[in-house]
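First comes the structure, then the notes that go with it.
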Amino acid sequence: MSLAALADVTVEIGFGVNAVGGDFFVLDDPDQGELDNTTYLLAPDTVFVVVHDPANGVNTVRSIETNRGRNREIDEYGTGTATVVFNDNDRTFDPAYNGSPYFGQIVPMKRIAIRCGNINLFAGWVDDWRVTYEPGDNLSRVTASCVDAFAILANQKLSEIAPAHSGDLSGERITRVLDRGEINFPASRAIDDGNSTLGATTFGENAAAYLQACSRAEAGYLFVTAGGTFTFHGRTAALNMPADVTFSDDPDAGIPYQSIAQRSSADLLYNLVTGVSETTGNPLVAFDQEAADGAFIRTLPLGTLFTIDDTQTQNLLDFHLERFKAPELRFQGVTVNVAAVDDVTSVLSLDLTDVVSVQRSPLSVGAMIDRLSLVDGVSHHMTSGSWTMDLTFANVDTRSFLVLDDPVFGVLGTNRLAF
């Protein structure tokens, strides 16, 4: 399957029933307003309108950029963004033009979905419509700047309560937050239980920041998928995981990439990790003198953690120390020319926290480098004539961890215990 960039992408916006009409119930209408009829049903809250679908003659988009993920493995995932630029000489997407079929609905916080076939590329809300006109080239453009569900939570605040809910697992606490009455969260969710036990809470904080703190106490993964699902995975989710896709500079070995970046950097090198349990207030450290002798003392401050006691806090510090105390070669990312990929479905379906294999043969000098990598960022760059996809990576912990009753990972004395 080969793709021709924007010609293979659809964009839908939730402009609502007034923009699409159709067989929906209309109060007081003599035909569509009859109670208990089975033909004219109540419209859903959001009715998506296809605003770009070249395969069916709707060709309005000039370019699309999406960006989701985080900068470094020790950072939290944040708000995903998309930018959609429309050619708009007929002023269809101009909020000031009363001749537009969407007049009165080109306002912030309209739902948007970007897809390639049935593969989600981005789902969220338009939070800004910007009209630009350049008289010299007689073109009008409208830029829709979009955000995912994280932005909804970043604008909501948790009410303060008396201390409660001690003993929640990290995923249980995240679910508790999303269920609270003052949190109006319209997205779907997929929340794991997690592994860390949290102490009592009073809430009273920004919802997005609070949820990120829950994830930090877990060393977990909290993000929004390309399809708009708010997702939480515990820290063991990526252990012993096989690769979904292989990227390689050998065309017979895997998906080809256009470019690759490889690093051995001090930005993820830490031999002293500090933190304190919010419950006990005791400052704790994890330190490796031998590692510090070779690279000076490099400190990773985890700050105040929601962990319930000092034992769990110390385990978390030790976990980070073991992960980051030694220099590590990693592939920072690859750029893929989507049009040059045969198995495009596998590539476009990759999402945050998926595991891939990345291979590089350095100019046929020495052996091939082959590393398991965790997808940490996904970006798309589309115009009418090109489509590139940037993937950024974190290294996967390739140590073998114990899985009870598993024939490969259940060998005592061979596989490590995860905490």
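Nothing in this text is a laboratory measurement; each read-out follows from the coordinates by a stated rule. Bear in mind the structure is a predicted one, so any value in this text is a computation, not a measurement. With ideal geometry, Cβ positions are generated from the backbone for all residues, glycine too; neighbour counts draw on all protein chains shown.
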Next item on the list: Take Glu328, Glu76 and order them by how many other Cβ atoms sit within 10 Å, fewest up front.
Entry: Glu328, Glu76
Item checked: Sites Arg130 and Ser384 - FRET efficiency at Förster radius 22 Å, r taken between beta-carbons, to 0.05 -> 0.60
Check: Using the count of nearby Cβ atoms within 10 Å as a rough guide to exposure, how do Ser248, Ser265 rank from fewest to most?
Finding: Ser265, Ser248
Item checked: Length-normalised contact order of the stretch 266-324 in % [C-alpha pairs under 8 Å, at least 6 apart] -> 46
Notebook entry, point to check: Roughly how many nanometres apart are two label points built 7 Å out from the Cα toward the Cβ at Met368 and Glu322?
Noted result: 3.1
Notebook entry, point to check: Across 10 Å bins from the origin, how do the percents of Cα pairs in the chain run, short distances first?
Noted result: 4, 18, 25, 24, 17, 8, 3, 0, 0
Check: Rounded, prolate or oblate: which fits the stretch 266-324, taking a ≥ b ≥ c as square roots of the Cα gyration tensor eigenvalues, rounded meaning a/c under 1.5, else prolate when a/b beats b/c?
Finding: prolate
Margin query: How much length would be gained if the chain were fully extended between Gln289 and Ala237, taking 0.36 nm per residue of separation minus their Cα-Cα distance, in nm to one decimal?
Written below: 15.7 nm
Next item on the list: Please give the FRET efficiency for Thr83 paired with Thr280, using the beta carbon to beta carbon distance and R0 = 30 Å, rounded to the nearest 0.05.
Entry: 0.10
Item checked: Angle in degrees between helix 170-179 and the longest Cα principal axis of the chain, rounded to the nearest 10 -> 20
Margin query: Using Cα-Cα distances under 8 Å and only pairs 6 or more residues apart, what relative contact order does the chain have, in percent?
Written below: 15
Note to self: Given an 8 Å cut-off on Cα distances and at least 6 residues of separation, report the relative contact order of the stretch 153-238 as a percent.
What the structure shows: 37
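Need the full-extension length gain, Ser265 to Ile161, defined as separation in residues times 0.36 nm minus the C-alpha distance. One decimal, nm. Each step should come with its number before you reach the end.
On the way: separation 104, 0.36 × 104 = 37.44 nm, distance 4.36 nm.
33.1 nm is the gain from fully extending Ser265 to Ile161.
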